[in-house]
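Working notes, beginning with the structure itself.
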Amino acid sequence: MNIRGVNSISGSNEPLYVIDGVQIQGQAVSFGSQSSSNPLAGLNPADIESIEVLQGPSATAIYGSRATNGVLLITTKRGKAGETKISYGYQFSLQTAPEQLEVMNLRQYAQMVGEYHAIAGGRTPQEFLDPSLLGDGTDWQKELFKSAPMNKHQLSLSGGNDKTTYYLSGEYLKQEGVALGSGFNRYGFRLNLENKPRKWATIGANLSFNQTNDNLTTSQENVIANALQLTPQVPVKNLDGTWGGGDESNGANQFAPVNPVAIANLTTNKLVRRQFLGGLNVGIEIMKGLNLRSSFNTNLGFSNSTYYIPTYAIGWARNVTASLNNGSGENTYWNWNQLLEYNKQIGRHNINVMVSHESQESSWKNLGGSRTGFLTNDILDLAAGDVLTASNSGGSGDWAMESYLGRLNYNYADRYIIMGTVRRDGSANFGKDNKWGFFPSVSAAWRVSQEPFFNIPSVSELKLRFETGVTGNQGGSGGIYSPMGTGATPTTTGFLPTKYSNQGLKWEETKTNNIGINVGLFQNRIQFEFDYYVKNTDNLLMEKPLPWYMGTNGIGSVGAPTVNIGALQNKGFGFTINTTNINRGGFKWESSFNVSSFKTKIKSFYSESAFVDRTSWWMQDWTQRSEVGKAPWLFRGYIEEGLFQNVAEIENSALPVDNNGVELPIDVNNIWVGDVKFKDINGDGVINENDQTVIGNPWPKAFAGFTNTFSYKGFDLSILFTSTYGNDIYNYLGKLNTNAGNINLSRNLLVHAMDYAKPVTNENGEVVLANPGTDVSRISNGPNGNFNRHTDKWVEDGSFIRLKNISLTYNVPASIISRQKIVRGARVSFGAQNVLTFTKYSGFDPEVGAYVSRDSSPSNQAIGLDYGRYPLTPVYTFSLGLDF
């Protein structure tokens with residue numbers, strides 16, 4: 001989730017989640033094969049009473065530096081005075097498999113293999129010599145993806161009297177995964193209590209616990225790739241019942257992917273998370289208008305992971321030694337807040353003064369252990385492994401912050417509204433000279449429609465708003481300043497620097513200016529809201545890469561220092577219109593439309609370099625660049641100018657050079673007809689890394705949502721469309737699966753790859769293309785880099801319009817319910833999610849978000865990259881609700 005654009009180029013831009021006063025970090029605790037999770041994964045949606053988004057510095061000031069990216073404020077349900085109300089809900093959902101991409105069937109694959117060997121040499125397997133005799137082969141997408149059910153039960157009790165109210169709920173969710181081997185279970189409870197022991201005192205408590213159990217696919221980022229790349233001649237199972245795999249019997253070579261169905265069934269990859277949220281608050285009315293409130297909140301998270309790879313023999317693939325990795329992690333967060341507030345009304349003047357103090361602390365630790373050499377695949381216990389292979393690892397860390405807040409709010413006749421806030425935060429993440437940050441903000445509003453001179457009957461509301469302020473960001477979850485830690489090597493243990501220290505490190509600061517207007521027409525049947533903002537962030541926090549000889553690689557290495565690297569600007573607007581279109585005769589139709597846009601650019605870097613690159617070596621040097629004057633993390637690569645159509649065109653073009661800077665020769669083994677022609681960006685007559693340029697922008701130009709709700713005589717219909725416009729996606733998976741040079745009996749390809757460039761000699765003795773209209777280069781993995789270079793060919797428009805949700809609810813009339821005495825209310829719902837998407841993107845799903853790499857959590861540095869992101873799947877839902 002992203003609110004109002006990009007505020008940091010290295011850290012998370014996720015908002016702060018606050019559930020009943022408990023602050024939730026953007027990433028849940030975990031350890032093992034998966035390192036990230038939805039911070040709201042443990043929250044039961046049926047418990048939610050309201051959701052509010054806080055955006056500006058004045059609105060978010062009470063939550064301090066953790067709210068720099070905005071706040072998602074979630075309030076859960078409370079009990080009401082009266083007799084006990086019992087509610088039960090049941091939901092059944094059917095998740096359907098994603099729409100398939102068109103990969104080659106067995107006949108097409110056999111044809112391609114034969115053509116490959118005719119060009120590149122080698123022997124075509126006997127069974128592939130006549131493709132017309134073959135069937136379709138194995139459809140791995142069908143084998144890996146299936147429709148999957150989801151069941152959910154919810155029970156709640158609420159009620160109370162004039163002194164005490166309560167809300168108690170419990171939930172159980174069981175969800176089978178669409179991908180083979182995946183699944184998700186959740187159960188939990190919630191208790192909200194409020195008590196008024198005296199007229200001048202209130203006490204409240206909010207408690208919740210949830211546990212989630214994830215059955216994960218073997219590798220979340222590769223399940224899609226495996227479904228597309230495994231060759232169709234390999235069976236799921238052999239005739240003798242053993243798992244099928246690529247081997248000499250079916251013509252596959254040793255580089256073929258391992259049977260993903262077998263791996264999903266044989267391996268164990270589980271992650272269990274437990275979360276406890278608790279809050280206790282006390283309010284005292286000291287005197288009329290003067291109130292004291294104290295609250296203590298905590299968030300405890302625990303996780304355990306199990307990743308077991310058994311011994312197996314699947315075709316060429318052999319794993320002769322089983323391995324088990326166990327991991328555990330825990331984090332503890334608490335905050336204690338004391339707030340003194342004074343309210344005073346003098347005539348039409350309303351004054352509110354508030355001062356607050358807050359302490360908060362967070363700590364984490366993890367532990368991992370592994371062994372190999374298990375005698376059997378049936379015992380998943382580390383103690384059963386070979387003790388000589390035992391390995392362990394662990395870590396810990398903490399941070400703390402102390403804060404002081406003051407706020408003055410003045411309101412005259414609900415016409416002129418002014419609020420000023422000052423906040424001072426002290427963080428353990430910084431050295432003593434820069435530990436404290438000062439963050440002021442001021443906001444003002446003028447409700448013009450309340451002025452005596454304003455007399456436009458059709459305009460029921462007109463309010464002008466302005467806001468300016470500063471917020472701070474302390475970076476990650478600790479350790480950006482602390483220079484020491486523990487370490488161990490095969491020969492010694494002790495203390496060592498964890499990273500190069502930087503005692504001059506400062507707070508990252510964002511200065512925001514915002515203007516807005518609210519308009520209500522025709523007794524607020526039409527309501528407009530518009531905001532325009534400019535946010536300037538200085539002292540951006542980011543690790544500064546250092547060369548290897550500075551000790552940043554290997555055993556006992558020291559991490560790169562965190563520095564204040566530069567500044568960026570983020571500006572944009574948000575517009576919302578809510579309308580009541582019809583409201584008569586029992587029929588009501590309401591609509592809501594919102595659109596927002598932001599534009600981010602790097603203003604400066606505090607160094608001689610004008611850019612910062614992020615390069616992934618395991619993705620063939622994929623690079624995203626943040627450059628002064630441009631948006632952060634733009635795609636970088638070469639520009640394709642089509643394919644070489646003849647030798648003369650090659651001779652008159654700039655050509656790539658080898659590692660020694662020597663131009664590659666023109667022949668069939670180097671650069672030839674059907675190879676990619678790259679654009680010579682700098683005009684120096686050669687193609688090298690200096691010809692890379694910006695090839696795509698992952699940031700959308702606009703976001704939009706459109707909701708319509710209809711109600712009539714107990715029926716409620718809701719329809720939600722969501723959309724993004726103007727963002728690019730780098731289809732890395734499409735690049736891999738169109739490379740005709742990879743057909744060498746090791747992987748399947750998209751059908752489009754069959755239209756690869758085919759050089760032929762014409763009647764004039766010239767080498768030309770037999771299919772000049774193709775955009776797929778010839779079968780070659782030569783030095784021209786047809787598929788090894790990242791180019792604009794794989795950058796696609798990621799815009800989409802999606803029918804996100806449609807639901808129809810029938811509320812059973814009271815006249816029917818009253819015929820019996822047990823059930824007091826009943827409703828039945830039918831719904832569907834993600835059932836219709838309009839997009840030009842050729843991959844599974846245009847909502848690729850940020851790629852989660854093999855060793856990191858989602859990051860802006862990998863946004864817009866599709867390496868096989870698990871797609872959103874269509875879901876059909878039936879729900880039943882009963883009140884007793």
Original post:
Volume per residue, Å³, of the convex hull around the alpha-carbon atoms of the stretch 811-852?
Top reply: 139 Å³
Original post:
How many percent of Cα pairs in the stretch 155-200 exceed 17 Å?
Top reply: 56 percent
Original post:
By average Cβ neighbour count within 10 Å, what is the ranking of 584-591, 650-657 from highest down?
Top reply: 650-657, 584-591
**OP:** For n ≥ 4 DSSP H runs only, could you compute -39500 (n - 2.57) per run for the chain, divide by its residues and tell me the 222 nm figure to the nearest 500?
**Re:** -1500 deg cm²/dmol
Original post:
Once the convex hull of the C-alpha atoms of the stretch 633-764 is built, how many Å³ does it hold per residue, rounded to a whole number?
Top reply: 217 Å³
**OP:** Pop the C-beta distance of residue 582 and residue 808 into the FRET formula with R0 = 22 Å and round what comes out to the nearest 0.05.
**Re:** 0.75
Original post:
Which whole-number percent gives the relative contact order of the chain, counting Cα pairs below 8 Å spaced six or more residues apart?
Top reply: 11 percent
Subject >> Compactness index (Cα Rg / 2.2 N^0.38 Å), the stretch 99-183 >> reply: 2.30
**OP:** Take each of the peptides 836-844, 84-92, average the number of other beta-carbon atoms within 10 Å over its residues, and list them starting from the highest.
**Re:** 836-844, 84-92
Original post:
Per the Cauchy relation, a quarter of the hull surface: what is the mean projected area of the convex hull of the alpha carbons in the stretch 499-623, in nm²?
Top reply: 13.8 nm²
Original post:
What is the spread of the Cα atoms of the stretch 327-432 along each of their three principal axes, largest first, in whole Å?
Top reply: 84, 36, 19
**OP:** Largest first and in whole Å, give the semi-axes of the stretch 266-401's equivalent ellipsoid, each being the square root of 5 times a Cα gyration tensor eigenvalue.
**Re:** 56, 14, 11
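Students often check this: by mean Cβ neighbours within 10 Å, which of 750-763, 346-359 ranks highest, and how do the rest follow?
750-763, 346-359
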Original post:
Out of every Cα-Cα pair in the stretch 303-354, what percent are more than 12 Å apart?
Top reply: 79 percent
Original post:
What spacing in nm lies between the two simple spin-label points modelled at residue 823 and residue 236, each 7 Å away from Cα in the Cβ direction?
Top reply: 3.9 nm
**OP:** From the P(r) of the stretch 631-693, can you give the percent of Cα pairs sitting at distances over 18 Å?
**Re:** 36 percent
Subject >> Relative contact order of the stretch 324-471, pairs being alpha-carbon contacts under 8 Å that are 6 or more residues apart, as % >> reply: 18 percent
Subject >> Interatomic Cα distance distribution for the stretch 554-676, bins of 10 angstrom, percent >> reply: 9, 19, 20, 18, 17, 10, 5, 2, 0
Original post:
If you find the alpha carbon centre of the stretch 285-331 and of the stretch 755-798, how far apart are they in angstrom?
Top reply: 48 Å
Original post:
Taking one equal scatterer on every alpha-carbon of the stretch 225-324, how large is log10 of I(q)/I(0) by Debye at q = 0.12 1/Å?
Top reply: -0.58
Original post:
Stokes-Einstein at 25 °C, 0.890 mPa s, Kirkwood radius from Cα pairs: D for the stretch 738-830 in µm² s⁻¹?
Top reply: 127 µm²/s
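Could you sort out which of 199/344; 174/588; 535/679 sit more than 27 Å apart by Cα distance in this structure?
Beyond 27 Å between Cα atoms: 174/588; 535/679.
Considering only DSSP beta bridges whose two residues both sit in the chain, what percent are antiparallel, to the nearest 5? Display every interim value, and only then the final one.
Values: 343 of 356 bridges.
Within the chain, antiparallel bridges account for around 95 percent of the total.
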**OP:** Return one number: the angle in degrees, 0 to 90 and rounded to the nearest 10, between the long axis of the Cα atoms of helix 106-120 and the longest principal axis of the Cα atoms of the chain.
**Re:** 50 degrees
Original post:
So how far apart, in nm, are the two label points at residue 649 and residue 298 if each is 7 Å from Cα heading toward Cβ?
Top reply: 7.0 nm
Original post:
Once phi is turned into θ = phi - 60°, what whole-Hz ³J(HN,Hα) does the Karplus curve with 6.51, -1.76 and 1.60 give for every residue of the stretch 728-734, x standing for Gly and Pro?
Top reply: 9, 10, 8, 7, 5, 5, x
Subject >> Alpha carbon centroid spacing (whole Å) that separates the stretch 72-139 from the stretch 670-695 >> reply: 36 Å
Subject >> Whole-percent pair-distance distribution, where bins are 5 Å wide, for the alpha carbons of the stretch 39-181 >> reply: 2, 7, 10, 9, 9, 8, 9, 9, 6, 5, 5, 5, 6, 4, 2, 1, 1, 0
Original post:
Equivalent-ellipsoid semi-axes (√(5λ), Cα gyration tensor) for the chain, whole Å, largest first?
Top reply: 51, 34, 32
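What is the Å³ per residue value for the convex hull set by the Cα atoms of the stretch 750-795?
99 Å³
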Original post:
What is the spin-label model distance, in nm, from residue 610 to residue 96 if the labels are put 7 Å beyond Cα along the C-beta direction?
Top reply: 5.2 nm
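Read the figures in this text as sums done on the coordinates, not as results from a lab. Only a predicted model underlies this, so the values are computations on that prediction, with no experimental measurement involved. Backbone-built Cβ (ideal geometry, glycine too); neighbour counts: all protein chains shown.
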